[in-house]
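Structure, as structure tokens:
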């Protein structure tokens, strides 16, 4: 039987900045219409979806055998620590929690059309690696992450509070989407050798390692370009540039051609840089 620690590892809590950061900056962009209850509901939706997609990926990759020769943290199904059905049930439970929180958020905001957006989010979470033709196996993972953990998460959080979206919100959403995509690029760069063998044709496999490293560098640069754009109307948002310091080890590892386990810290560092950017930029927007 799997231990609590193994279940937590399977949930891949290191990826949680992908869900927390967009809500933080989306809530800041909603000021002065900021609402604690709506922000907390949005955060619960994002967290439940993130953990759910992690369990769903663990289940789907495990039953396909993609994790048989994996480089990186423990996978519950691939390692045999947990029965596939139990991991699938955990994924569905998380999706159910996200649906309930999302329904509550829609009810208090009055924007019922967002139920369709929520359904699309859950479908995207499952079919990333689930189903007969998972889009994550065809090189579309980064685009989906940019869309759902960037545009949808940030602008959705802003919209349910302010009843509108702004150009500042769009710039923040692009920054969050870029960071989230960069985390996935680093993950897939690490797995290029094994993914190519198992038939998982990620964007990194399609581009090759050299071009994937360039893509990572471009993605982690874009948020700071967005900082300069946001600062045109909110000068205090420039403090978001300080988060670049967190990225230095990650960029060095990627550009100096680190491979395998040497790329594992890059995922954590990129996620922490994302969270730092969101907190600092959000503070700049709130104070400004």
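Have a look at 77, 45 and point out the one that is in contact (Cβ under 8 Å) with a residue 12 or more places away in the chain, touching a helix residue (DSSP H, G or I) at 6+ places or on another chain (Cβ under 6 Å) and within 30 Å of residue 285 (Cα to Cα). First the steps, then the outcome.
Details: 77 fails: within 30 Å of residue 285 (Cα to Cα).
The match here is 45.
If we keep just the residues of region 232-258 that are free of Cβ contacts under 8 Å to residues at least 40 places away in the same chain and part of a loop (DSSP other than H, G, I, E, B), which is surrounded by the most Cβ atoms within 10 Å (Cβ to Cβ)? Lay out the reasoning, then the answer.
Residues of region 232-258 free of Cβ contacts under 8 Å to residues at least 40 places away in the same chain: 232, 241-249, 251-253, 256, 258.
Okay, now just the ones that are also part of a loop (DSSP other than H, G, I, E, B), so 232, 256, 258.
Numbers: 232: 11, 256: 9, 258: 19.
This residue is 258.
Tell me yes or no: at least one residue of region 166-176 is farther than 28 Å from residue 30 by Cα, in contact (Cβ under 8 Å) with a residue 60 or more places away in the chain and in a helix (DSSP H, G or I).
Restricting attention to region 166-176, the residues satisfying the condition of being farther than 28 Å from residue 30 by Cα are none.
No, that holds for no residue.
From (1) within 16 Å of the chain's Cα centre (by Cα); (2) over 17 Å from residue 45 (Cβ atoms); (3) touching a residue at least 24 places away in the same chain (Cβ under 8 Å), pick out the condition that doesn't hold for residue 95.
Residue 95 satisfies every listed condition except (2).
Exactly one condition in (1) closer than 19 Å to residue 166 by Cβ; (2) more than 21 Å from the chain's Cα centre (by Cα) is not met by residue 257; state its number.
Of (1) closer than 19 Å to residue 166 by Cβ; (2) more than 21 Å from the chain's Cα centre (by Cα), only one is false for residue 257: (1).
Can you go through 153, 123 and tell me which one is in a helix (DSSP H, G or I) and either surrounded by 23 or more Cβ atoms within 10 Å (Cβ to Cβ) or touching a helix residue (DSSP H, G or I) at 6+ places or on another chain (Cβ under 9 Å) (or both)? I'd like the intermediate steps shown before the answer.
Working: 123 fails: either surrounded by 23 or more Cβ atoms within 10 Å (Cβ to Cβ) or touching a helix residue (DSSP H, G or I) at 6+ places or on another chain (Cβ under 9 Å) (or both).
Unique residue meeting the criteria: 153.
Name the residue that is nearest to residue 174 (Cα to Cα), counting only residues in region 188-214 that are in a loop (DSSP other than H, G, I, E, B) and in contact (Cβ under 8 Å) with a residue 60 or more places away in the chain. It would help to see each step written out before you state the result.
Here is the first cut: in region 188-214, the ones in a loop (DSSP other than H, G, I, E, B) are 191, 199-202, 208.
Retained after the next criterion (residues that are in contact (Cβ under 8 Å) with a residue 60 or more places away in the chain): 191, 199-202.
Details: 191: 26, 199: 30, 200: 27, 201: 25, 202: 22 Å.
Looking at residues that are in a loop (DSSP other than H, G, I, E, B) and in contact (Cβ under 8 Å) with a residue 60 or more places away in the chain, I get 202.
For region 215-228, check the following and say yes or no: at least one residue is assigned to a helix (DSSP H, G or I), more than 19 Å from residue 259 (Cβ to Cβ), over 21 Å from the mean Cα position of the chain (by Cα) and without any contact (Cβ under 8 Å) to a residue 24 or more places away in the chain.
yes
Report whether or not residue 110 is out of contact with any strand residue (DSSP E or B) (no Cβ under 9 Å at 6 or more places or on another chain), buried (at least 21 other Cβ atoms within 10 Å of the Cβ) and under 30 Å from residue 28 (Cβ atoms). Before you say what the answer is, go through the steps one by one.
Details: out of contact with any strand residue (DSSP E or B) (no Cβ under 9 Å at 6 or more places or on another chain): yes; buried (at least 21 other Cβ atoms within 10 Å of the Cβ): no; under 30 Å from residue 28 (Cβ atoms): yes.
Criteria not met by residue 110.
Counting only residues that are in a helix (DSSP H, G or I) and over 20 Å from residue 18 (Cα atoms), how many does region 108-120 have?
Within region 108-120, the first condition is being in a helix (DSSP H, G or I), and the residues that meet it are 108-109, 114-120.
If we keep only those that are over 20 Å from residue 18 (Cα atoms) too, we end up with 108-109, 114-116.
The number of residues fulfilling the criteria is 5.
Conditions (1) under 16 Å from the mean Cα position of the chain (by Cα); (2) closer than 29 Å to residue 279 by Cα, marked per residue:
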site	(1), (2)
119	no, yes
133	no, no
138	no, no
171	no, yes
178	yes, yes
188	yes, yes
209	no, no
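Scan region 259-288 and report the pairs whose first residue is on the phi > 0 side of the Ramachandran plot and in a helix (DSSP H, G or I) and whose second residue is buried (at least 22 other Cβ atoms within 10 Å of the Cβ) and modelled with pLDDT under 95, with Cβ atoms within less than 7 Å and a gap of 6+ or a chain change.
260/190
Quick one: in region 75-97, which of the residues that are assigned to a loop (DSSP other than H, G, I, E, B) and surrounded by fewer than 16 Cβ atoms within 10 Å (Cβ to Cβ) is modelled with the highest pLDDT?
Taking region 75-97 first, the residues assigned to a loop (DSSP other than H, G, I, E, B) are 75, 80-83.
Narrowing the set further to residues that are surrounded by fewer than 16 Cβ atoms within 10 Å (Cβ to Cβ) leaves 80, 83.
Values: 80: 75, 83: 87.
Among those residues, the one meeting the criterion is 83.
Among the numbered criteria (1) modelled with pLDDT of 95 or more; (2) closer than 15 Å to residue 129 by Cα, which one does residue 21 miss?
Only one criterion in (1) modelled with pLDDT of 95 or more; (2) closer than 15 Å to residue 129 by Cα is unmet by residue 21, namely (2).
With respect to residue 105, is the statement that it is surrounded by 23 or more Cβ atoms within 10 Å (Cβ to Cβ), more than 20 Å from the chain's Cα centre (by Cα) and in a helix (DSSP H, G or I) true? Steps first, answer last, please.
On the way: surrounded by 23 or more Cβ atoms within 10 Å (Cβ to Cβ): yes; more than 20 Å from the chain's Cα centre (by Cα): yes; in a helix (DSSP H, G or I): yes.
For residue 105, the condition - surrounded by 23 or more Cβ atoms within 10 Å (Cβ to Cβ), more than 20 Å from the chain's Cα centre (by Cα) and in a helix (DSSP H, G or I) - is met.
The values are calculated or read from the model by the stated rules, or taken from the named source; none is laboratory data. Predicted model only: the values in this text are computed from it and were never measured. A quick note on method: Cβ atoms are made from the backbone with ideal geometry, for glycine too, and the neighbour counts reach across all protein chains shown.
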